[in-house]
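Computed from the coordinates by the stated procedures, all read-outs in this text should not be read as laboratory data. Predicted model, so just to flag it, every value in this text is computed and none were measured. Here the Cβ positions follow ideal geometry from the backbone for every residue, glycine too, while neighbour counts run over all protein chains shown.
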Amino acid sequence: MSDIAAELARVREAFDKPTLRLLDRKWAPFVLAVFKSSFSRDRRSVGCELLHTQVDAYLADLRSTGIDAPEKTGRALCVQWMNDLWLYREIRDAGDGKEEHYSLTSHALESLLLIDGLARDRALISESRLSTIVDTVRHRATEANPDREERVRRLDQHIDELTSERDRLAAGGEIEPASNEQMHEGYADLIDLIQQLPSDFKRVEESVAAMHRQIVNDFRSEQRPIGEVLDDYLAKTDALMSSTAEGRAFEGAFALLRNDTLMQGLKADLETILLHPFALELSLSERRSFMSTVTLLRKGIDDVLTQRKGLTTTLREHIVNHDVVKDRELELVLRDVNRELATWMQTAGPRSMVTAELMPGTLEVEHLRERFYDPVAHKGPPALADVSDAAPAAPSLGDLREQGGPLLAELRDALVAAFGAGQTASVGMAFNGFDASLRRPVEILGLLQLYAQLNTPTDPASLETFETVRPDGSVRLFDVPRRILTDDDTVALAARNLGSQHD
């Protein structure tokens, strides 16, 4: 009998999985292009609102160029992709609260990996790939063979090969450098393996999350005694990572990945590979991505451990918050309700109805006291300490006047006297000869006000220095447009009524 029916069922089962279902849709190229544009190895999650906006922008760009695109909005498409198990939405802590983020599921990552493999040219077979296969098979065969003598023979053979090569190099033997072609082949094999890591880690996360949901659902619907429930779930917690294929694989890899010496050696080996001349043919992004392999491993481990920690926290909260007393009280209330229903059904007809409130009524209380009398609240504040002895001396009238505005009348009189007696050639020279009390910086503003009252032009290109004296005795220099008063200006200024001056 032909096995075609069984093979057909197996293939259909594969096509029903989200990975191939993504590749089989009409808008699969658009969806994968959005995923590649929005997510990367360094950007593993995107805020929900940001991704909605990005998808809307992608749709607008495609429609503006005449390319067919889905008619839905970015939000609707993201929700659809989440229902199709291509996107995963989670709540993360932000600086100012909680934020929802989208991340790719393992199915979407596998689809992107398939597309990347088909989109780039690579050799189907190479010396590097065959060497990797042979070395892996030899290592596993050595571990699988229970024969002690055979294992010793294999180890001796390997030691002899390494010793012979070491002696040859120590004796001055020639070192044959690897060619660019060989390094490219090995680099391509490494990239294939490294690109599979995000989907592998994501599958472990999804496995732990699925166990999380299953345990919570089982716990809520559990009807067994509480002691038996606790024993069962504590046992599941102990065997958390060993009860699934993904968890067992992760536990085996975690034993290696938590070895800091191994990780440091891996980083040094990656740097050595990029020091080869073939690395000059790689782009900057390719070299940066290759060097971030250790970071990728550590980030994957942290994500899985965070997911597992969340499961442990949920179990602990359920166990701690499970109130047996409340469960018993609720059970007693339900039994009383059933008892009253049985009594009522003895006299009620087949279509009898009873009115029952879904929610209890509210109490009509005009005012409910929230706080009670506290004698401490009615005590007066403590008396203020007498610090009058430490108070500084009150400022004098002269000190206050020094902090005030310009003394227009005094300035006018001093300026008219200086020009009337022919003692100065410019306003600046006259100002620099005034008493220190009339040479405050604010007095320059008073001079500018007097200039404005004369309505005569001033040449800003010709400057002269005004030497001012502050109330504390410090000197400050200012450059002011040079001004010379004529006899008419002096007469007009002397006749000007400046009004009353207030100190």
Kindly identify the range 343-470 as rounded, prolate or oblate by the Cα gyration tensor criterion: order the square roots of the eigenvalues as a ≥ b ≥ c, call it rounded if a/c is under 1.5, otherwise compare a/b with b/c, prolate if a/b is larger, else oblate.
-> prolate
In debye to the nearest 20, the charge dipole size for the range 404-495, taken about the Cα centre with +1 at each Lys and Arg Cβ and -1 at each Asp and Glu Cβ, equals 220 debye
Across the range 171-179, in residue order, what do the Karplus-derived ³J(HN,Hα) couplings come to in whole Hz, using 6.51 cos²θ - 1.76 cosθ + 1.60 with θ = phi - 60° and x for Gly and Pro?
-> 7, x, x, 6, 9, 8, x, 6, 6
Neighbour-count ranking for GLU71, GLU410 (other C-beta within 10 angstrom, fewest to most) reads GLU71, GLU410
Cα-centred dipole magnitude for the range 1-61, charges only on beta-carbon of K, R (+1) and D, E (-1), debye, nearest 20 | 140 debye
proj_area_mean for the range 4-119 (convex hull on C-alpha atoms), units nm², value 9.1 nm²
For the range 269-312, the Cα gyration tensor yields equivalent-ellipsoid semi-axes (√(5λ), largest first, whole Å) of 33, 9, 4
Given 20 °C and 1.002 mPa s, how large is the Stokes-Einstein diffusion coefficient of the range 404-495 in µm²/s, with Rh as the Kirkwood radius over Cα pairs?
-> 162 µm²/s
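Could you list, in their original order, any pairs among LYS36/LYS72; LYS26/LYS72; LYS98/LYS326; LYS267/LYS299; LYS36/LYS202 whose Cα atoms are separated by more than 25 Å? Before the final figure, lay out each step's value.
Details: LYS36/LYS72 20 Å; LYS26/LYS72 14 Å; LYS98/LYS326 32 Å; LYS267/LYS299 15 Å; LYS36/LYS202 17 Å.
Check vs 25 Å cut-off fails for LYS98/LYS326.
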